[in-house]
1. Just order 161-171, 207-217, 99-109 by mean Cβ neighbour count inside 10 Å, highest at the front, would you?
2. Sorting R133, R369 on the 10 Å Cβ count, fewest up front, what's the list?
3. How high is the FRET efficiency from A381 to S150, r the C-beta distance, R0 45 Å, rounded to 0.05?
4. Where in region 253-345 are there GluC sites (Glu not before Pro) that are in a DSSP coil and have at most 11 other Cβ atoms within 10 angstrom of their Cβ?
5. Arrange I343, I44, I336 by Cβ neighbour counts within 10 Å, fewest through most, would you?
6. How about region 47-94: which trypsin sites (Lys or Arg not before Pro) there are in a DSSP loop, with at most 13 other Cβ atoms within 10 Å of their Cβ?
7. Which shape class applies to region 2-95: rounded if a/c is under 1.5, otherwise prolate when a/b exceeds b/c and oblate if not, where a ≥ b ≥ c are the square roots of the Cα gyration tensor eigenvalues?
8. List the chymotrypsin sites (Phe, Trp or Tyr not before Pro) within region 226-279 that DSSP assigns to loop and that have no more than 14 neighbouring Cβ atoms inside 10 Å.
Amino acid sequence: MQLAEFNRSLTHYGNKKVAKIKSWYDAFDQLAILLEQSQLEKKIIFIDEMPWMDCPRSSFLSALEHFWNGWASARKDILLIICGSATSWIINKVIKNHGGLHNRVSVRIHLKPFTLHECELYAKELNLQFNRRQVLEGYMIMGGVPFYWSQLQAGKSLLQNINLLFFSEDGVLRHEFADLYDSLFKKPKPYLMIINALATKKVGMTRTEILKATKMSDNGKLTEFLENLEYCGFIRKYNSIGMKNKNALYQLMDNYTLFYYKFIKDNYINDEQYWSKIAGKPEYNTWCGLAFERVCLQHIEQIKAKLGIQGIISTVYSWSIMGTKEKQGAQIDLLIDRSDDVINLCEIKYSKAEFQITSGIDNNLQNKRERFIQETRTRKAVHLTMITTMGLMQNSYAWDIQSVVTMDDLFI
């Protein structure tokens, strides 16, 4: 099928019609003939969804290597652009190729998700008429994947759209999960095993914990799976401050996947208005807090811009410590360790109004800072930074907050 389609494309662009192409070697030979006939100064070969051409025993990759090394690479007028949604194939077969394509890639274009700012612009283009809170909530659910946003309908509120896409019987995104991983990974099972494990633990897991949860073998394949998931943006690898790389944590970061596990996977309630009905309830509010934390972690550069530290070398960490009988435990989701002798200890809070620091919250913040300084023995200045949706209410407990980042600051 792929060879027949390739032959049709060659014919469409002017190649002499060939009754039947029997192999990929023949196909690329015909492509070379077509290109040699062209009078264009620059010849661009664009091959979309290349991973799906590489069927078992097809010799596609070896034929491509032969075509490039034996003919195309010697010419200055040939530009080959390859792309594909199966990211793992592109990484392992092309970028990390140890055969004929080794070190042949000139430019890598990593298509990343939209930022909040880009989603806001796209929402305007789609005439959705969303305010920033709605754009933020949409991002908390779908991340910055343009395809997901393209499914939203003008004339409907965000709640109505989420009901339709996720909770109606034929909702497009209700059934997207399996298709998503099948399209990105030719053998998705081991990746889903890792995702299933990471979905159970908010802060992430170490490599050892992943091995225990998945019962996978501790070898190079696990490293490959984790690297591919990280490259695709599903997970992030991060360290707690002061910890070595071998103790790094892997955290599930894909907004759609996390929403699916929270509200779709084991939700047997057949209610097409489910999202509208739980909005504002405790389960929804808890989810908002966790999802907003994740969006902040996905917009670190915007946070640094608000703090005015773009030009300062900095590293992002997390930190936690267990409580004892004498001392309260502490967990800090975001630390920005700066080269100018300052550490921003960031407290992230989702609120529908200006966030108010109460006596209890103030005690918690002071405990976090004190325990962090005591346990890490840092000599740097530790600044408390509040990241909230609507800003900070000024009261007697707000005096110690050195900087405030709001939802609007994430949209730059």
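1. Numbers: 161-171: 18.3, 207-217: 14.5, 99-109: 10.9.
Highest-to-lowest ranking by the protection proxy: 161-171, 207-217, 99-109.
2. On the way: R133 13, R369 19.
Ranked by crowding around the Cβ, least crowded first: R133, R369.
3. Details: r = 46 Å, r/R0 = 1.02.
Here the calculated transfer efficiency is 0.45.
4. Values: sites: E272, E283, E293, E301, E326; in loops: E272, E326.
Hits after loop and neighbour filter: E326.
5. Details: I343 25, I44 10, I336 21.
Final ranking by Cβ density, sparse to dense: I44, I336, I343.
6. Numbers: sites: R57, R75, K76, K93; in loops: R57, R75, K76.
Passing both the DSSP loop test and the Cβ count: R57, R75, K76.
7. Note, shape of region 2-95 comes out oblate.
8. Values: sites: Y231, F234, Y238, Y250, Y256, F259, Y260, Y261, F263, Y268, Y274, W275; in loops: F234, Y268.
Qualifying residues, ordered by number: Y268.
Each reported figure results from applying straightforward, stated rules to the coordinates on display, with no laboratory input. Nothing here was measured: the structure is a model prediction, and the numbers come from that model. All Cβ positions, even for glycine, are placed from backbone atoms using ideal geometry, and neighbour counts span all protein chains on display.
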